[in-house]
Amino acid sequence: MRLLRAAALILPTLAAGPALAHGGHAEGLAAGLAHPLLGVDHLVAMLAIGLWASQAGLARAWALPAAFLGGMAGGIGLGLLAPLPTGIEHGVAASVLALGLILAISVRLPGTVALPLAGLFGLLHGAVHGAEIGGSVALTAVGMLAASSLLHAAGFAIGRVATRHVTLARIGGAGIAAAGLALMVVG
């Protein structure tokens, strides 16, 4: 009887899968496309990059999302190859907070600062994504990058509309900053 109770307690733990930052993980292109949509931190950050690109005043607005995506691609590689440092999720949350603050107070950073900063934020998000990839690495990474670029485009479109309503854009930025702060506290 004792053995049966012990087995009843131990067997469920053996059947449990790994704990991941976001649910719904599968493999391949579909998983990659879904991943940025399922995690609040990633979803908000991707939209925020598009919003920022629409309001940054850079000569080439596409450069900001491109820097993020380049950093993200590199981060995915790092996440696949090396163990992530403890607390990297706090770095992701801090990037969401920073993006929100940039938008809320309408900071106009020069391209020499904005582009590397966007790349760093992408690196952080990519590393977390890369650490969670299972199965078909290339297809999953392509899906993640494609979904992220679509979210950037959506954020950019929203930002273009919001430029006519400065107060609305700032309130949106404050909401993004609040989400980043909440993620830092919860994470």
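The values are calculated or read from the model by the stated rules, or taken from the named source; none is laboratory data. All figures in this text were calculated on a predicted structure; none of them were measured in a lab. Here Cβ is always computed from backbone atoms with ideal geometry, including for glycine, and neighbour counts include all displayed protein chains.
With respect to E89, determine if the residue is modelled with pLDDT under 95, buried (at least 16 other Cβ atoms within 10 Å of the Cβ) and in contact with a helix residue (DSSP H, G or I) (Cβ under 8 Å, 6 or more places away or on another chain).
Yes: the conditions hold for E89.
Consider the range 56-75. How many of its residues are within 14 Å of the chain's Cα centre (by Cα) and at pLDDT below 95?
0
Go over the candidates A94, A66 one by one and state the one that is under 16 Å from D41 (Cβ atoms) and among the small types (G, A, S).
None of the others qualify; the one that does is A94.
Name the residues in the range 99-116 that are touching a residue at least 24 places away in the same chain (Cβ under 8 Å) and farther than 10 Å from A45 by Cβ, would you? Walk me through how you get there before you give the answer.
Of the range 99-116, the ones touching a residue at least 24 places away in the same chain (Cβ under 8 Å) are 99-106, 108-109, 111, 114-116.
Hits for the range 99-116 are L101, I102, L103, A104, I105, S106, R108, L109, G111, A114, L115, P116.
Which of (1) of a type outside the set (K, R); (2) surrounded by 14 or more Cβ atoms within 10 Å (Cβ to Cβ); (3) at pLDDT below 90 is the odd one out, the single condition A34 does not satisfy?
Going through the list (1) of a type outside the set (K, R); (2) surrounded by 14 or more Cβ atoms within 10 Å (Cβ to Cβ); (3) at pLDDT below 90, A34 breaks only (3).
So is G175 buried (at least 16 other Cβ atoms within 10 Å of the Cβ) and assigned to a helix (DSSP H, G or I) or not?
no
So if I check each of A114, A131, which one is in contact with a helix residue (DSSP H, G or I) (Cβ under 9 Å, 6 or more places away or on another chain), surrounded by 21 or more Cβ atoms within 10 Å (Cβ to Cβ) and farther than 17 Å from G175 by Cα?
When all the criteria are applied, what remains is A114.
Just to verify a result, which residue in the range 26-71, among those that are of a type in the set (A, V, I, L, M) and out of contact with any helix residue (DSSP H, G or I) (no Cβ under 8 Å at 6 or more places or on another chain), is farthest from P110 (Cα to Cα)?
Checked the range 26-71; the qualifying residue farthest from P110 (Cα to Cα) is L38.
Residue by residue through the range 145-166, note down the ones that are of a type in the set (A, V, I, L, M, F, W, C) and without any contact (Cβ under 8 Å) to a residue 60 or more places away in the chain.
Matches in the range 145-166: L150, V161.
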